[in-house]
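Taking it in order: structure first as structure tokens, then the write-up.
The values are calculated or read from the model by the stated rules, or taken from the named source; none is laboratory data. This one's a predicted model, so the numbers in the text were calculated from it and none came from an experiment. When we count neighbours, we look across all protein chains shown, and the Cβ atoms used for this are built from the backbone with ideal geometry, even at glycine.
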Amino acid sequence: MYSFKLPTELYQYDTFPEFIQEFALNEEDLLVTNAVIFDNHLKGYNLPCHVIFQENYGYGEPNDKMIQELCSWWK
């Protein structure tokens, strides 16, 4: 039994600005990334969305504890 199901859709862009424009990120969006990627490539875009860093919640493959902690960002 599934609690919910997320269908997969993949998009590919040549640049991050193309992605930002297409998806029109706003304050209701959440970007999950790594601090190094954010600092080196995304910080200068002043994104309006929430940004959290995966490594703040654990390392390796996600487990139930990591997912629960990741989901706690909005509480």
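The figures follow:
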| read-out | value |
| --- | --- |
| Cβ-Cβ under 7 Å pairs, at least 6 apart or on other chains, region 48-75 side charged (D, E, K, R), far side surrounded by 13 or more Cβ atoms within 10 Å (Cβ to Cβ) and outside any loop (DSSP other than H, G, I, E, B) | 55/35; 69/57 |
| Number of positions in region 63-75 that are surrounded by 12 or more Cβ atoms within 10 Å (Cβ to Cβ) and not aromatic (Phe, Trp, Tyr) | 4 |
| Flag for residue 20 being surrounded by 11 or more Cβ atoms within 10 Å (Cβ to Cβ), among the β-branched types (Val, Ile, Thr), modelled with pLDDT of 85 or more and in contact with a helix residue (DSSP H, G or I) (Cβ under 7 Å, 6 or more places away or on another chain) | yes |
| Qualifying residue in region 47-57 (condition: assigned to a loop (DSSP other than H, G, I, E, B) and either in contact with an Asp or Glu (Cβ under 6 Å, 6 or more places away or on another chain) or surrounded by fewer than 10 Cβ atoms within 10 Å (Cβ to Cβ) (or both)) | yes |
